[in-house]
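Reviewing the structure listed below.
The values are calculated or read from the model by the stated rules, or taken from the named source; none is laboratory data. Quick caveat, the model's predicted, so the values are computed rather than measured. Positions of Cβ are backbone-derived with ideal geometry, glycine not excepted, and every protein chain shown enters the neighbour counts. Just the protein is used for accessible areas: all its heavy atoms, side chains included, with ligands, DNA and RNA removed. Shrake-Rupley method; radii C 1.70, N 1.55, O 1.52, S 1.80 Å.
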Amino acid sequence: MNTIDISSQPLSVIVIGAGPVGLASALALKAYGLNVLVIEADAEEKARPGSRALFLHHDSLKLLARFHQPLAQRFFEKGFVWQERQTYFSGKLVYSQKISDERLGAEVFPPFVSLRQSETEKLLREACNETGINILWEEPVQSVNTDKQGVRIITNKATYYSKYALGADGASSQTRNSLNIKLVGDSSPGTHIVIDFISESSPYQQKRTFHYKHPQLEGRHVLVIPFAGGWQVDLQCKPGDDVDWMISQKGLRSWLSNLIEERFLSNMNWVSTYRFNQVVAESFVDEYRRVLLVGEAAHLFPPYGARGLNSGIADADVAAQAITLATVSTSESRRRGCIDDFDLSRRTAAIENCRSAKQALNVIRTPRLIDKAKLIAALLLSNIYKPSARWLDAAPYGPALTQKRFPTRY
C-alpha cells in the first residue's frame, strides 16, 4: 500500500466523495486557490441507483458559476425550466402560476433548473477536469483519523495525509462513522414511491403538478415534476398500503393508469421507495477541526423543497471559505475559530431545514388536527383569497430559509 503525503503542499485539501456535493466542494476549494484531491469509492461511469436530486435553485446556480463561471450557461442549456405550476385538491384546481417569459429573460440566472442528478454530476466532472482537479476512482475509504497536525485517510489502495479534508460521502458516510459523529433526528412514518419516466416530449413535461387527495388514487397525495428529458412521479402511500404490490409490474400499471396515459407507461426508467428522514449530524467538524462534513454526510432531509443537494452546495461554499481562512490564520485559536464558524453556520441552517421539512410533513401527512384544520380553511378560502391558494401550493415544501438569515439560502 502506498503512502501519499500532501500535507506539506500549501493549502491542500482532500475531498471524500465524488457525488454532486463532493464535486461542487472540489470546485469551490479550487476557486479559492487551494490544491484539491478527490477520492471516490465507485467507478467513474458507475450508474448511481435510485431517483435522486432533480432541482437546482437560483442561489445554487449562482454559487456554481462562482466556482466555475461556464457552469451557469451549461446548466441553463442542459436543464429544464418548467413555466407553470398547478395545485389540485380532490381534483379541483386551487392554484396556478406561470413564470413569465419576461422574468426568465431578465434574470442572469433562471429561477431554477430541473435535470437528473446523473447529468448534474457529468457537468461538474467536466468542470473539475477543466480546472485540473484530480479524482481518484474506485478507492473506498476505510478510515479517517485526525490529530492536531491534520488528517490521515486510509483507502483500499493507499494512505493519504493532508491538512484538511471534506467528508462528502453521502448518507452512509464512512468519514462521519470513522469520526464517531452521530446523526440526530428521526424518520417519519409512511412510504413514498418515486418513478422516473424518460421521454423527450409529453404533456407531463409542461408543468409541475401537485395533487392533494387525488380522487382517482383513493385520496393519496401525488407530485408530478418535469425534468430535462422526462418527468418524475412521487406518490405518498397510505399507512396500510401493500408497497411491494404497488411497485410490482401489475401494481404500478394499476394505479399509474389513473394518472398517466397508457401510451407513456412503457417509458418508466426507474422505480424506488423511500421514507422521510430529518436528521442532522451532532457536529459538522471533528474534534481537531481538520474534517468538515458537507451534504448528506452532514444532514438528511425529505426531498420536497430540494433541500438536500442545494443545502449541500451552500455547505461546500462555506466550508471552502472556512478552510481558506484557517490556512492563513496567525494562531491556533483563530484557525479553529474559522472552522467553528462553518460548523455553527451550516449546522444552524440544517436544523432550520429540518424544522421547515417537519412543517411541510405536518401538512402533507396531516398527523395533527390543527394541520387538517389549516388545509380545510385554506381550501375554503382559496377561491376568494389568493394567499390561501398560494399557501396550499407552497405548504408541501415548507418555508424557505432566506439570505437575510443565513449567508446562503439553503
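Taking amide H positions as modeled 1.01 Å from N, with prolines and chain starts lacking one, the residues under 5 Å from Asn269 and 5 or more places away or on another chain are Asp196, Phe197, Ile198. Peptides 176-184, 324-332 ranked from most to least packed give 176-184, 324-332, packing being the mean of other C-beta atoms within 10 angstrom over each peptide's residues. Of the DSSP H helices in the chain, those that are both long (alpha-carbon extent of 27 Å or more along the helix axis) and hydrophobic (Kyte-Doolittle mean at least -0.5) are 307-327.
Determine the distance separating the Cα centre of region 352-393 from the Cα centre of region 141-207; give it in Å without decimals. Answer, in whole Å: 32.
Once you have the alpha carbon radius of gyration of the chain, what is it after dividing by 2.2 N^0.38 Å, with N set to its residue count? Show your work: numbers first, answer last.
Values: Rg = 22.0 Å, N = 410, 2.2 N^0.38 = 21.6 Å.
Relative to the rule-of-thumb radius for its length, the chain sits at 1.02.
The Cα-based radius of gyration of region 189-276, divided by its Kirkwood radius, gives an Rg/Rh of 0.93. Put simply, when 378-384, 198-204 are sorted by average Cβ atoms within 10 angstrom per residue, most first, you get 378-384, 198-204. Given their separation in residues at 0.36 nm each and the Cα-Cα distance between them, Val328 and Asp340 gain 2.8 nm when the chain is fully extended.
Going through the cross-link list Lys62/Lys207; Lys207/Lys250; Lys92/Lys358; Lys250/Lys372; Lys122/Lys358, which pairs have a Cα-Cα distance over 30 Å in this structure?
Lys250/Lys372; Lys122/Lys358
Computed from backbone phi, the HN-Hα couplings of region 197-202 come to 10, 10, 6, 7, 8, 7 Hz, rounded to whole numbers (Karplus: 6.51 cos²θ - 1.76 cosθ + 1.60, θ = phi - 60°; Gly and Pro given as x). Here the sum of -39500 (n - 2.57) over DSSP H runs of 4 or more residues, divided by the residues of the chain, equals -11000 deg cm²/dmol at 222 nm, to the nearest 500. In region 80-208, the inverse of the mean reciprocal separation of distinct Cα atoms equals 20.0 Å; this is its Kirkwood hydrodynamic radius. Subtracting the Cα-Cα distance of Ile154 and Trp245 from 0.36 nm times their residue separation leaves 28.5 nm of extension gain.
The accessible surface of the chain, taken with every protein chain in place and a 1.4 Å probe, is 49 percent carbon and sulfur. When each of the peptides 219-230, 132-143 is scored by how many other beta carbons lie within 10 Å of its residues on average, the order from highest to lowest is 219-230, 132-143.
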